[in-house]
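Visitor: Right, I'll just put the structure down here and ask away after.
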Amino acid sequence: MRMRKTFFLAGTCVLLAAGLTLADGEAVHFNVPLDNLGTPEPGTGVAIVTIAEGDAKVEMQGLQALPHESAIGQRIRGYAAWLVNSEDALSKLNMGFLFPDGDGVARLRFSASGSKKANLSAQNFNVVVITLETELDARSQPSGAPIAAGHIPGTPAAVTR
């Protein structure tokens, strides 16, 4: 009887540990509709953000092919996708650059695996933002104005100041 209780207890511990491991590894996926922010630049689309695993896919539609016609527009080199913590204006993560094809559709696949920001939920990112970029580098701040954005469901409400 004592041996049976020991096996039962050991089995319960193994199942509990396995369950906790699976729960920790579960990713949470969000579809984030991206809307134009009322700027003259076009751009709508969707970002599929996987919070726990540090992955994101962005698809934008209606982006202008480069270069733009205006003097300022001719300085634009591309578009960048960002994860932003709107509570902390300095907390931004550049996911990469979007370059439209001939039909104005641009796609981006981003993965933060292996970096200190791999667990995106720890960063409290709550907004996906698309910006115009005049410089194409991996700086931590955008070089141009936001043209489209969307709030990530299930995260704290976006704050604008």
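Visitor: Being within 15 Å of S121 (Cα to Cα) and assigned to a strand (DSSP E or B) is the filter here, so list the residues in the stretch 69-93 that pass it. Break it down stepwise before answering.
Guide: At the first step, the residues of the stretch 69-93 found to be within 15 Å of S121 (Cα to Cα) are 82-88, 91-93.
Within the stretch 69-93, W82, L83, V84, K92, L93 qualify.
Visitor: So, one more: Looking only at residues that are small (G, A, S) and not in a strand (DSSP E or B) in the stretch 50-68, which one is surrounded by the fewest Cβ atoms within 10 Å (Cβ to Cβ)?
Guide: Taking the stretch 50-68 first, the residues small (G, A, S) are 52, 54, 56, 62, 65.
Right, trim to not in a strand (DSSP E or B) and you get 52, 54, 62, 65.
Values: A52: 16, G54: 23, G62: 16, A65: 11.
Selected residue: A65.
Visitor: Taking A71 as the residue in question, decide whether it is under 24 Å from P40 (Cβ atoms) and in contact with a Leu (Cβ under 6 Å, 6 or more places away or on another chain).
Guide: Values: under 24 Å from P40 (Cβ atoms): yes; in contact with a Leu (Cβ under 6 Å, 6 or more places away or on another chain): no.
No: the conditions fail for A71.
Visitor: Another question, then. Give me the pairs: first residue in the stretch 59-87 and modelled with pLDDT under 75, second residue assigned to a strand (DSSP E or B), beta-carbon distance under 7 Å, and six or more apart or on different chains, which are they?
Guide: L66/G78
Visitor: Consider T155 against the criteria (1) among the β-branched types (V, I, T); (2) in a strand (DSSP E or B); (3) at pLDDT below 90: it satisfies all of them except one. Which criterion is unmet?
Guide: (2)
Visitor: Of the numbered conditions (1) assigned to a loop (DSSP other than H, G, I, E, B); (2) hydroxyl-bearing (S, T, Y); (3) within 13 Å of the chain's Cα centre (by Cα), S121 fails exactly one; give the number of that condition.
Guide: (1)
Visitor: Now a separate question. Taking V105, is it β-branched (V, I, T) and surrounded by 16 or more Cβ atoms within 10 Å (Cβ to Cβ)?
Guide: Values: β-branched (V, I, T): yes; surrounded by 16 or more Cβ atoms within 10 Å (Cβ to Cβ): no.
The answer is no for V105.
The values are calculated or read from the model by the stated rules, or taken from the named source; none is laboratory data. Since the model is a prediction, treat every value here as computed from it, not as a measurement. Reconstructed Cβ throughout: ideal geometry from the backbone, glycine too, with neighbour counts over all protein chains shown.
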